[in-house]
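Right, one structure below, let's go through it.
Every number here is computed from the coordinates shown, using simple stated rules; none is lab data. Everything numeric here is computed off the predicted structure, so don't read it as measured data. Methodologically, a virtual Cβ is constructed for each residue, glycine included, from the backbone with ideal geometry; neighbour enumeration extends over all protein chains shown.
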Amino acid sequence: MSSQDSARYDIVLFGATGFVGTLTAEYLAAHAPENLRWAIAGRSEQKLQRVREGLTTIDPALKDLPLISADVDDPAALRELASSTRVLATTVGPYITYGQELVAACADSGTDYLDLTGEPEFVDLMYVRHDARARETGARLVHACGFDSVPHDLGAYYTVQQLPEGVPLRVDGFVRAQAMFSGGTFATVLTGFSRGRQTLAAQQDRRRQEPRPVGRTAYAPVSAPRYAKEVDAWALPLPTIDPQVVQRSARALERYGPDFRYRHYAAVKSLPVALGSVAAMGTLFAAAQLPPARRWLGERVKPGEGPDEQRRAKSWFSVRFVGDGGGRRVYTEVSGGDPGYGETAKILAESALSLAFDDLPDTAGQVTPAVAMGDALIGRLRAAGIRFRVAAAR
Ligand SMILES: NC(=O)c1ccc[n+]([C@@H]2O[C@H](COP(=O)([O-])OP(=O)(O)OC[C@H]3O[C@@H](n4cnc5c(N)ncnc54)[C@H](OP(=O)(O)O)[C@@H]3O)[C@@H](O)[C@H]2O)c1
């Protein structure tokens, strides 16, 4: 029995007062099993009380839901938070700014940890600093448990399962989405864009430390924009964390075969929209390098704000995968509603429930969603309305 088996809670949600945090708390309130022992945490007791009041409209029994006050600047409070629960899910970001101590606390206390980061620098740093300790204590550190990167990671995993075993495999993912940013996401993107040098340094530190699989290769190259007739759209390379996560799953799991390649794209139907997207991203990246411009941009969408319910109801995503290997080609798709918030809250909550209750492979240390939860999480997400399907095969 690990020390965490005797913890007071099954799940603690840290950051429950934020935009995605509140949606995640609402999801748990509506869908968690009755016997779930859970609590919400944040830095302001008053705000937590307001969130709890909101939750009682979903389930009146939640009037007694425990509240835990903790600030990220108080390492002792974070350690207590980590020791109080079997699974800690955090939406307190940007993670490079606010998240480091909590990962340390979970790795030390053997607590399973989940977050929503899409920040490669943070994930690489956490690997370098805490993977070994988490392996000792048995903690599973699972980053990127939202739209970044679960539909892509599990979608590639699902696609691989439709292809023959033991042969070289090629999978391309094409993302389409209609959605809006929250203040927290916008702040995180701006922070990430301004930290190119640090991101590269963290990546190099990780490379020096992380063992590679023996006798197998798995890689995720950035490729040039192209017209992809297989999805009838312009394919623009997407420099998100997703291809790195897919590559890590492929390195960890034999099922991806002896030689695996994943390429990740945004799929855009019209050429002017494709060119406009590249120009807009380039401008945002350039502006993020200048502190005054970054501050000005950061004030356009404030932390805690995000798209309203009406807007979220109209949002959607679809990731199409084209997989080739052993003479077979398969087309698959993962799709759902509002990617950034509704579905992200659902994915984070279902991941927390999966770590707490599912019969999962025996893993520890920094692990991807596919490696930690694979089939069990696909099953949960399907039951919760996210579609995984084989569109065609030959
Ligand atoms: N993976 C994905 O696909 C995905 C999707 C959406 C969002 N995200 C990421 O999720 C994160 C949260 O986004 P959001 O829109 O929910 O942001 P948000 O509304 O700004 O929420 C941030 C949360 O962090 C808390 N916080 C800030 N400073 C703190 C401190 N010193 N101590 C304790 N708590 C503190 C805030 O508490 P207060 O309420 O007290 O201010 C709030 O609860 C961002 O990093 C975003 O990029 C990822």
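Beta carbons within 10 angstrom, averaged per residue: use that to sort the peptides 264-272, 155-163, 170-178, highest first.
Values: 264-272: 17.4, 155-163: 24.0, 170-178: 20.8.
Descending packing order for the listed peptides: 155-163, 170-178, 264-272.
Measure off 7 Å from each Cα along the Cα-to-Cβ vector at Arg329 and Leu36, then give the distance between these two points in nanometres to one decimal.
That separation, rounded to one decimal, is 4.2 nm.
What is the distance in Å between the Cα centroid of the stretch 66-124 and that of the stretch 344-370?
Cα centroid to Cα centroid, the span is 16 Å.
Return one number: the angle in degrees, 0 to 90 and rounded to the nearest 10, between the long axis of the Cα atoms of helix 100-109 and the longest principal axis of the Cα atoms of the chain.
Helix 100-109 and the main axis of the chain meet at about 70 degrees.
Suppose the chain between Lys229 and Arg387 were pulled fully straight at 0.36 nm per residue; how much longer would it get relative to their current alpha carbon spacing?
Working: separation 158, 0.36 × 158 = 56.88 nm, distance 2.35 nm.
Full extension of this stretch gives 54.5 nm more.
Counting only other residues whose beta carbon sits under 15 Å from that of Arg311, what net charge do I get with K and R as +1, D and E as -1? Intermediate results must be reported in sequence, preceding the final value.
Working: positive: Arg312, Lys314; negative: Glu305, Asp308, Glu309, Asp338, Glu343.
Local charge sum for Arg311: -3.
Taking only the alpha carbons of the stretch 77-164, what extent do you get along each of the three principal axes, in Å, biggest first?
Here the spans come out as 47, 26, 23 Å, largest first.
Helix 19-31: angle to the longest alpha-carbon principal axis of the chain, degrees 0 to 90, nearest 10?
Here the helix axis deviates by roughly 80 degrees.
Could you size up the charge dipole of the chain around its Cα centre, putting +1 on the beta carbon of Lys and Arg and -1 on that of Asp and Glu, and report it in debye to the nearest 20? Let's see the in-between values first.
Values: 46 positive and 45 negative charges, 285 e Å.
Once rounded to the nearest 20, the dipole reads 1360 debye.
Please determine, in degrees from 0 to 90 and to the nearest 10, the orientation of helix 369-383 with respect to the longest principal axis defined by the Cα atoms of the chain, where the helix direction is its Cα long axis.
80
Taking the Cα centroid of the stretch 304-326 and of the stretch 143-195, what is the distance between the two, rounded to the nearest whole Å?
Here the two parts' Cα centres lie 11 Å apart.
Determine by what factor the alpha-carbon radius of gyration of the chain differs from 2.2 N^0.38 Å, reporting the quotient.
Working: Rg = 20.2 Å, N = 394, 2.2 N^0.38 = 21.3 Å.
Here the answer is 0.95, to two decimals.
Once you list every other residue whose beta carbon is under 15 Å from the beta carbon of Val103, what net charge do they have if Lys and Arg are +1 and Asp and Glu are -1? If you can, show how the numbers build up before the last one.
Details: positive: Arg79, Arg129, Arg133, Arg135, Arg140, Arg206; negative: Glu101, Asp108, Asp112, Asp115, Glu119, Glu121, Asp124, Asp131, Glu136.
With Lys, Arg at +1 and Asp, Glu at -1, the neighbours total -3.
Which value, in debye to the nearest 20, describes the size of the charge dipole of the stretch 167-301 about its Cα centre when Lys and Arg Cβ atoms bear +1, Asp and Glu Cβ atoms bear -1, and nothing else is charged?
Numbers: 20 positive and 9 negative charges, 57 e Å.
With only Lys, Arg, Asp and Glu charged at Cβ, the dipole is about 280 debye.
Only residues of the stretch 376-394 count here: report those whose backbone N is under 16 Å from the spot 7 Å along Cα→Cβ of Asp358, or say none.
Residues 376-389 fall inside that zone.
Students often get this wrong: which residues of the stretch 45-62 have the backbone nitrogen under 18 Å from the point 7 angstrom along Cα-to-C-beta of Glu101?
Counting only backbone N, you get 45.
7 Å from Cα along Cα→Cβ at both Glu165 and Lys269: what's the point-to-point distance in nm?
4.1
At a Förster radius of 25 Å, what calculated FRET efficiency corresponds to the Cβ-Cβ distance of Ala76 and Leu200, to the nearest 0.05? Write down the numbers at each step before the final one.
On the way: r = 33 Å, r/R0 = 1.34.
With R0 = 25 Å, the Cβ-Cβ based efficiency is 0.15.
Using a 7 Å offset from Cα along Cα-Cβ at Gln209, what residues in the stretch 126-170 end up with backbone N under 19 Å from the label point?
So the set is 126-144.
Dipole magnitude of the stretch 318-394 about its Cα centre, charges +1 at Lys/Arg Cβ and -1 at Asp/Glu Cβ only, in debye to the nearest 20?
Values: 9 positive and 9 negative charges, 99 e Å.
Using only the charged Cβ atoms, the result is roughly 480 debye.
Rounded to the nearest 5, what % of the DSSP beta bridges within the chain are antiparallel ones? All intermediate terms of the calculation are to be shown ahead of the outcome.
On the way: 31 of 62 bridges.
Percent antiparallel among DSSP bridges in the chain is about 50.
Let a ≥ b ≥ c be the square roots of the eigenvalues of the Cα gyration tensor of the stretch 140-244; is it rounded (a/c under 1.5), or, if not, prolate (a/b larger than b/c) or oblate? Numbers along the way, then the final one.
Values: a/c = 1.65, a/b = 1.12, b/c = 1.48.
Here the stretch 140-244 falls in the oblate category.
For the residue pair Arg311 and Gln178, what label-to-label distance in nm results when each label sits 7 Å from Cα along the Cα-to-beta-carbon direction?
1.5
Between Leu360, Gly379, Ala393, whose Cα lies farthest towards the positive end of the dipole of the stretch 315-394 when Lys and Arg beta carbons carry +1 and Asp and Glu beta carbons carry -1, centred on the Cα centre?
The Cα lying farthest towards the positive end belongs to Ala393.
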